1. In sequence order, what are the phi-derived ³J(HN,Hα) couplings for region 24-39 according to the Karplus relation 6.51 cos²θ - 1.76 cosθ + 1.60 with θ = phi - 60°, rounded to whole Hz, with x for glycine and proline?
2. Which ³J(HN,Hα) values, rounded to whole Hz and listed in residue order, are derived for region 41-47 from phi using the Karplus coefficients 6.51, -1.76 and 1.60 in 6.51 cos²θ - 1.76 cosθ + 1.60 with θ = phi - 60°, glycine and proline given as x?
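Where a number appears in this text, it was derived from the coordinates with a stated rule and is not lab data. This one's a predicted model, so the numbers in the text were calculated from it and none came from an experiment.
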Amino acid sequence: LARGIQHTAVRQAHRKYEPNFHDKYGNLVLLGGAAVFTTVWGYVLTQLGIEWGLSPVGRITPREWRE
């Protein structure tokens with residue numbers, strides 16, 4: 001069994017390595033996705049008129065205390 005595995009490994013090592021899709025286009029796909037992500041979120045954060053309420057200071061008015 002071990003000899004057969006070794007034989008297969010040697011045979012595959014001798015085979016010419018042909019680049020697959022990820023080798024050819026991986027970085028391109030990654031950069032394209034990052035560009036789309038940045039563009040969409042840039043639009044969402046700047047153009048949709050979202051009012052960011054991150055700080056409650058000045059918005060919370062104290063209620064009268066009930067005895």
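1. Computed from phi, the couplings for region 24-39 are 6, 10, x, 5, 5, 5, 4, 5, x, x, 5, 5, 5, 4, 5, 5 Hz.
2. 5, x, 5, 4, 6, 9, 9
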